[in-house]
Amino acid sequence: MTSAQAAAQPPASGVSVSAPGKVLLTGGYLVLDPRFSGLVVATDARFVVHVAAESESDAAAAAAAAGTSEGGVRVRVRSPQFIDGAWDRTIALPGSRVAGVPPHAAGNVFVDTALECVFAVLERRMGPAALAAAAGPCGLRITVNADNDFYSQTDDLDRRGLPHTADALASLPQFNATHTRIADVKKTGLGSSAAMTTSLCAALLVFFGAVEPAAMSVLVRDAGADVDAAIAAAHRAQLDLVYRIAQISHCLAQRNSGSGFDVSSAAVGSHEYTRYDPVVLDSLVRTIKETGQIDADALYEAVERGTWTQRITPFKMPPGLSLMLGDVSVGTNTVKFVSKVLRWRAEEPELGEFLWQQLNRANTRAVTALKRLNALHAADAVEYAASLELFAAVPASHWAAAIPRTASIDGAGADAALRDLVNERLAALASGDKAANIDQGEALRLAALAHDASKPTLACLVDTLGIFGDIRSLLRVVSDRAQVPITPPEQLRLIDACHDVAGLLAAGIPGAGGYDAIFCIVVSDEAKRGVQRVWSAWTETAVMPLLQNEAKFGLHAEIHG
C-alpha cells in the first residue's frame, strides 16, 4: 500500500461491493484435486455489502446497549433479511498474535472470521494507529443483503398466495425478508457464504484504501484491451489480495481447506478453475481446529508471501445459450457428501482414480465443446445462428435417439478389469432409462443434419448434448459405488423430462449433486419457456425457477460520497 492510500480518508457515505453467486457445471468432487479443473459460471444474483463510518448517535446508542467500546474498532453488522440479523463486534487494536472468532448467539461465523482476517492484515499493513484513525471514532456500520435467488422463496410465495413461477418470483421485493433465522434459512446452492465473504472482504479493503474500486473488474475490463501495463498489474495484484484474504477467511470459517472455486468465481466471475495447493493453508486450518483461534502472523504470511498455485482461465457462455437453474427446495449437505465420497475413494482407490480420470476426460470435452461454440460464432455468425435454429426445433431426446452414444468406456489404455466393472455398472444403471421413440425416417434425417459438413455448429451442439449425458452417466456410477445420492433418481427423472423440450442443450445437477438444484442450458427463449413449463407441472418434487443469468463480471465496487 502506498503512503497516499494509507493516508486517504474513507468515503463519507461509504462503499458498496457486490459479488456473484456460482454454478459449478463440471468438476464436482474432482475440483478438490489440483490435478483437475472445474467449469464455474457466475450468476447475476449478487450479495451486496455496504461499509460506512458509523454516525455518532448510532454509535452512542450501540455503546449504551453493549457496554464499553474502549480498546478497539466497534463494528455494527446488520443483515435485514433475517430476524436475528443484527450484532456488534469490537475488533481489538493492536491485535494479539492470535485472534479469536467468538461464538455468538446472534451472528455469523463467516462474517466474524472475515472481519478478523481483514483487520489482521490491514493492521500489519497500516499499523494499528493508522487503522484505528481510518475507522473513525465511532467505528463501522456494515449492511449485508442478498438477491432473492440465494434463498428459497417458496415459503414466502405460499404465504402470499402466489404460484411457484418465475413471474411470481420476479414480483417479490429486492432483498426479500426470509422470516427466519440465519441458521435456518433454506439455500439454493449458489454459494451464498462465499459470495458474502468475498464481498465483505473486498468492501473493507476498498473502504480502507488497500484496494482501488477499479481493481474489481480488472479481468473483464482488460481482456483484449489496450491498457497501461503498470496499472493493470497493480489492479491484478489488488484483486489477488482480495481473493487470498477471502479464500483464507472462507476456509477458516469452515474449519477446512475447501476447493475454493466458489470464492474464486465470486471474485472474478465465470472461469475454468484449478485449485491451489492446500498446503498454503495447512498451519492456519490446523490452528483454528485445535484452538478456535486464527494465527494472525501466519495469516499475514500466507496472504503476502504464500505460494498460491490456483489457475484461472476466464470463460463466457457461447452466444444464444442461456443457463437456467431450478431450486428443488430440499438442499444438500455438501460437506457430508464430500466426506463420504472421499471415504469411498480411500476404500476403492484404484476404481476411484479410474472414474476420476474418465470424468476428467468428459469434463474437458464439455469445456472444449463450449469453447468451440464461441469460436464457431466468431468464424461464421450466420451459420451459427442457422444451426441454433435447427437444433432448437427438435427435442433433445430426439437428437440423442438419432445419434446414440454407447454408455460405455473403451480404449486400449484403460485397465481391463476396471473398465469392465464400470461398463457393467453403466449398463445396469441405464437399463431402466426412458428412451425417445422416433421413427427411422426422422432418425436418418437428424443424423444427416448432424453430420452435414456445412453445419459445424449443429454438429458441435449435438456433441455437447451427448457429452453432458456422458458426465451424468459417470456420476451415476460414482453415486452408486460411494452410496451417496449425487444423482438421485427423482432428479434424473426430472432431467429426462427436460430432455423432451426442443432446444435443450444440456442438463445436470450442479456442484456436489444431490438436491440443491438442477441446471439446464437452452438455445432459445421458447426452450426456456418449455423447461419452465416442465418444472411448473412437475409433481414429484417442487421446482422453483430461479431468475439468474450468467454474470458478466465478478466483484463490483461503488463509492458513495
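Given the criteria surrounded by fewer than 24 Cβ atoms within 10 Å (Cβ to Cβ), touching a helix residue (DSSP H, G or I) at 6+ places or on another chain (Cβ under 7 Å), acidic (Asp, Glu) and outside the structural domain of residue 461 (by TED's automatic domain parsing), does residue 277 qualify?
No; evaluated as a whole, the condition is false for this residue.
Taking segment 321-357 as the region of interest, how many residues are under 22 Å from residue 551 (Cβ atoms) and open to solvent by less than 50 Å² (accessible area, probe 1.4 Å)?
7
Can you confirm whether residue 312 is open to solvent by 20 Å² or more (accessible area, probe 1.4 Å) and among the hydrophobic types (A, V, I, L, M, F, W, C)?
Yes, satisfied.
Return only the number of the condition from (1) surrounded by fewer than 24 Cβ atoms within 10 Å (Cβ to Cβ); (2) in contact with a strand residue (DSSP E or B) (Cβ under 6 Å, 6 or more places away or on another chain); (3) modelled with pLDDT under 95 that residue 517 does not satisfy.
(1) is the only condition that residue 517 fails.
Restricting attention to segment 455-463, does a residue exist that is part of a loop (DSSP other than H, G, I, E, B), within 30 Å of residue 338 (Cβ to Cβ) and either basic (Lys, Arg) or touching a residue at least 60 places away in the same chain (Cβ under 8 Å) (or both)?
No; the residues of segment 455-463 include none that is part of a loop (DSSP other than H, G, I, E, B), within 30 Å of residue 338 (Cβ to Cβ) and either basic (Lys, Arg) or touching a residue at least 60 places away in the same chain (Cβ under 8 Å) (or both).
Please go through segment 238-274 and give me each residue that is surrounded by 24 or more Cβ atoms within 10 Å (Cβ to Cβ) and of a type in the set (Val, Ile, Thr), ordered by number.
Selection gives 242, 245, 248, 263, 268.
Yes or no: segment 9-25 includes at least one residue that is open to solvent by 30 Å² or more (accessible area, probe 1.4 Å) and at pLDDT below 75.
Checking segment 9-25: at least one residue is open to solvent by 30 Å² or more (accessible area, probe 1.4 Å) and at pLDDT below 75.
State whether one or more residues within segment 377-400 are at pLDDT below 95, open to solvent by 70 Å² or more (accessible area, probe 1.4 Å) and not in a helix (DSSP H, G or I).
Scanning segment 377-400, I find no residue that is at pLDDT below 95, open to solvent by 70 Å² or more (accessible area, probe 1.4 Å) and not in a helix (DSSP H, G or I), so the answer is no.
If I go through segment 464-491 residue by residue, how many of them are more than 15 Å from residue 363 (Cα to Cα), open to solvent by less than 10 Å² (accessible area, probe 1.4 Å) and in contact (Cβ under 8 Å) with a residue 40 or more places away in the chain?
Summing the residues that are more than 15 Å from residue 363 (Cα to Cα), open to solvent by less than 10 Å² (accessible area, probe 1.4 Å) and in contact (Cβ under 8 Å) with a residue 40 or more places away in the chain in segment 464-491 gives 4.
Quick check: is even one residue across segment 281-300 more than 16 Å from residue 27 (Cβ to Cβ), open to solvent by 60 Å² or more (accessible area, probe 1.4 Å) and in a loop (DSSP other than H, G, I, E, B)?
no
With 522, 501 as the choices, which residue is modelled with pLDDT of 95 or more and within 21 Å of residue 363 (Cβ to Cβ)?
Just a single option satisfies the conditions, and that option is 522.
The values are calculated or read from the model by the stated rules, or taken from the named source; none is laboratory data. Just so we're clear, the structure is a prediction, and the values are computed from it rather than from any experiment. We place every Cβ from the backbone using ideal geometry, glycine too, and count neighbours over all the protein chains shown. The accessibility values were calculated without ligands, DNA or RNA, using every heavy atom of the protein model including side chains. Shrake-Rupley method; radii C 1.70, N 1.55, O 1.52, S 1.80 Å.
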